[in-house]
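Read through the structure below, which is laid out as structure tokens, and then see the notes.
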Amino acid sequence: MINNLKNIYRRNLVISFLAIFWTSIAPQLSAAATAVPEDMVLVNAGGFTRGIDDTKTENFLDEAPAKMIYLSSYYIDKFEVSNSKYTEFIIATDHPAPAYWDHRKLNQPSQPVTGVNWFDSDTYCRWANKRLPTEAEWEKAARGPAGSIYPWGNELDYSKANFAKGKTGQKYITSPVDAHPEGISYYGAYNMAGNVFEWVQDWYSSDYYKLDETRNPKGPQSKETKSIKNISTKSNVGFKKKVIRGGSWFAPAQSITTTHRFWNNPMNNSYGVGLGFRCARSLSEDLQTEARSFYMNALILVGDEKYKKALLSIKNALISSPKNKEYKALKLLIEKQLNP
Amino acid sequence: MKINRYIFMICSTIFFLSTQQNLYGETLRDPVEMKTVPAGEFLMGSKQEEGRVDERPQRKIYLDSYKIDSHEVSNKRYLKFIRDTDRKDPTNPYSEKQLSKQNEVINLPVVQVTWYDAVDYCRWAGKHLPTEAQWEKAARGIKGNIFPWGSKEPSVKSVNFQKNWEGLKTLWPVSGKSDMSSPYGLKGMAGNVREWVQDWYSPEYFKNAPSSNPQGPRIGILKVIKGGSWHSFKADIRSASRGKGGFALKTDGIGFRCAKEIKEVKNKTRS
């Protein structure tokens with residue numbers, strides 16, 4: 001009887017503690033969610049449809065099958081990296097200028113940097129404390145949760161992106177990186193269709209979507225050259241290739257879909273197509289949030305007197321945040337319950 | 001078909017250009033002053049504390065003697081080649097007019113030319129594009145100068161770099177500034193226009209190149225472009241600095257000059 005009373009008392013104590021805890025943590029959580037880095041957009045954790053089942057033309061086989069892919073939360077640049085941003089990078093690091101640096105119609109500060117190879121892009125992103133997006137991250141940021149064909153929806157529209165040299169076929173320059181606000185993606189990223197092709201992290205393999213990697217896929221593990229023979233329609237030389245996405249200012253309409261996959265030699269910085277990029281960043285708060293949820297879980301388990309499970313959960317929280325006093329205190333409390 | 005279109009475009013361009021090559025023999029159609037670079041060793045590349053990874057290590061490289069144009073190829077010279085070979089004018093960066101109608105630019109360096117255009121011009125003139133090693137030795141001499149004039153920091157008054165496009169004022173005449181010449185008397189080896197050279201680009205080449213008359217890697221996808229241009233920052237106009245671009249690249253800041261081997265005097269006595 002006394003034990004029961006004790007238990008009820010303890011449960012009430014825990015529940016009231018939980019309530020206090022929530023009111024104190026909730027504002028912090030929402031603050032964390034709004035603290036998106038400058039000129040980046042947040043893509044929340046969750047599933048999206050990668051790829052497309054298109055059986056009409058064999059050239060699209062590398063985009064099939066369509067599959068549900070889970071990605072952790074990440075930020076991605078709202079804009080393609082501009083000449084002005086790239087200038088800061090060159091000045092800070094003495095990095096060599098890109099191929100179109102002295103092309104006066106492509107080198108204006110607001111235009112995307114053009115003529116960079118994969119190594120340039122990778123180096124820039126690391127310098128900016130970011131990284132290149134994975135191919136899946138790029139695609140999710142472009143097409144959104146509804147899986148649209150173009151960033152803005154499912155209808156091709158010459159006014160919403162810069163591709164195929166414009167509607168008249170005469171436009172031969174890139175647009176400013178903040179142009180076409182009416183063509184932004186669901187997550188708010190600009191020019192994910194057209195303007196310049198964008199390097200992503202992954203090596204290219206035509207068979208990659210057939211593999212069963214559905215959680216944070218990072219592309220083929222090795223620099224695959226094996227399957228090139230099977231896709232002769234798409235390859236001219238047997239080189240190792242990195243994926244490029246999004247089409248360019250003179251690439252034809254079919255190359256600006258959100259699922260379109262193209263590639264280039266990672267060393268290449270020119271050869272006609274406009275080669276640029278944007279960066280991404282993982283959420284550093286992810287681990288903190290994860291620790292918090294283990295802690296919450298432990299509290300609930302204590303309330304239910306499931307101490308062994310609670311101990312496991314609080315140990316998990318301490319893996320991510322080993323110095324947290326609240327977590328340590330709860331661990332002690334649980335251990336006392338287990339070994340009185 | 002999306003990919004085939006790119007491949008077809010690239011292949012047909014290459015085919016078209018290759019059929020346009022002119023094999024007129026050795027007549028000197030290009031009466032421009034050339035400087036002689038005598039046979040011998042020079043310091044190529046950069047030391048550990050200067051320059052970039054792809055320029056290291058600095059090594060002694062031997063080259064046979066050769067001649068090299070003292071100026072960048074001007075619009076005037078290039079347009080003569082265009083007329084002689086029934087080609088189209090290159091893109092005019094200054095106005096909507098045809099380049100050949102833009103008289104005030106005849107002494108400015110030609111730009112908007114591909115690597116193949118440069119190769120064809122030099123062949124037409126009975127010369128060839130310099131190798132990267134030939135270009136670098138001609139630019140910095142044998143002692144490993146950082147710039148053609150030595151190691152003094154350049155100013156934007158005396159060297160054409162770090163500038164934005166200002167129409168007809170952007171590029172400087174090929175005659176150059178004499179106090180900025182290379183040890184062999186070459187003009188315009190830093191800034192103004194970048195220059196195509198013969199070699200494929202490989203970031204490893206300075207480690208692996210033969211120490212006598214290196215000709216560049218056997219294969220590659222990018223060609224080396226030396227010297228920096230009007231829009232370059234200082235690090236890119238150093239003589240050892242290695243620009244790079246695909247052979248179809250054309251900008252408002254890439255031109256070239258030609259070189260020629262020196263034949264044994266004995267062979268020339270009959271002519």
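Kindly indicate the residue of segment A:280-303 that is modelled with pLDDT of 85 or more and either among the polar types (S, T, N, Q) or open to solvent by 80 Å² or more (accessible area, probe 1.4 Å) (or both) and also farthest from A:PRO37 (Cα to Cα) among those meeting that condition.
Per the criteria, the residue is A:ILE300.
Give A:GLY115, A:GLY153, A:GLY147 a once-over and let me know the one that is open to solvent by less than 60 Å² (accessible area, probe 1.4 Å) and under 23 Å from B:LYS250 (Cα atoms).
Going through A:GLY115, A:GLY153, A:GLY147 in turn, the sole match is A:GLY115.
Taking B:TRP200, is it open to solvent by 10 Å² or more (accessible area, probe 1.4 Å), out of contact with any Ser or Thr (no Cβ under 9 Å at 6 or more places or on another chain) and within 11 Å of chain A (Cβ to nearest Cβ)?
Against the criterion (open to solvent by 10 Å² or more (accessible area, probe 1.4 Å), out of contact with any Ser or Thr (no Cβ under 9 Å at 6 or more places or on another chain) and within 11 Å of chain A (Cβ to nearest Cβ)), B:TRP200 qualifies.
Of all residues in segment B:50-77, count the ones that are farther than 19 Å from B:THR131 by Cβ and among the hydroxyl-bearing types (Ser, Thr, Tyr).
Here the count works out to 1.
Of everything in segment B:243-271, what is away from chain A (no Cβ under 14 Å) and at pLDDT below 95? Give them in sequence order.
B:GLU261, B:ILE262, B:LYS263, B:GLU264, B:VAL265, B:LYS266, B:ASN267, B:LYS268, B:THR269, B:ARG270, B:SER271 - these are the residues of segment B:243-271 that are away from chain A (no Cβ under 14 Å) and at pLDDT below 95.
Among helices (runs of 4 or more DSSP H) lying entirely in segment B:49-159, which contain 2 or more residues that are under 26 Å from B:SER202 (Cα atoms)?
In segment B:49-159, the matching helices (runs of 4 or more DSSP H) lie at B:115-124, B:132-140.
Could you grab me the full set of residues in segment B:220-242 that are more than 7 Å from chain A (Cβ to nearest Cβ), of a type outside the set (Gly, Ala, Ser) and buried (at least 24 other Cβ atoms within 10 Å of the Cβ)?
B:LYS223, B:VAL224, B:ILE225, B:LYS226, B:ILE237, B:ARG238, B:ARG242
Just wondering, is there one or more residues in segment A:125-135 that are touching a Phe, Trp or Tyr at 6+ places or on another chain (Cβ under 7 Å), modelled with pLDDT of 95 or more and farther than 24 Å from A:GLU88 by Cα?
no
Looking at (1) in a helix (DSSP H, G or I); (2) buried (at least 21 other Cβ atoms within 10 Å of the Cβ), find the lone condition where B:ASP179 falls short.
Unmet condition: (2).
Going residue by residue through segment B:62-75, is there one that turns out to be open to solvent by 10 Å² or more (accessible area, probe 1.4 Å), more than 23 Å from B:LYS223 (Cβ to Cβ) and touching a residue at least 60 places away in the same chain (Cβ under 8 Å)?
yes
Restricting attention to segment A:75-98, which residues are touching a helix residue (DSSP H, G or I) at 6+ places or on another chain (Cβ under 6 Å) and surrounded by 23 or more Cβ atoms within 10 Å (Cβ to Cβ)?
A:ILE76, A:ALA97
The values are calculated or read from the model by the stated rules, or taken from the named source; none is laboratory data. Owing to the predicted nature of the structure, the values given are computational and were not obtained by experimental measurement. Backbone-built Cβ (ideal geometry, glycine too); neighbour counts: all protein chains shown. All accessible areas refer to the heavy atoms of the entire protein, side chains included, with ligands and DNA or RNA removed. Shrake-Rupley method; radii C 1.70, N 1.55, O 1.52, S 1.80 Å.
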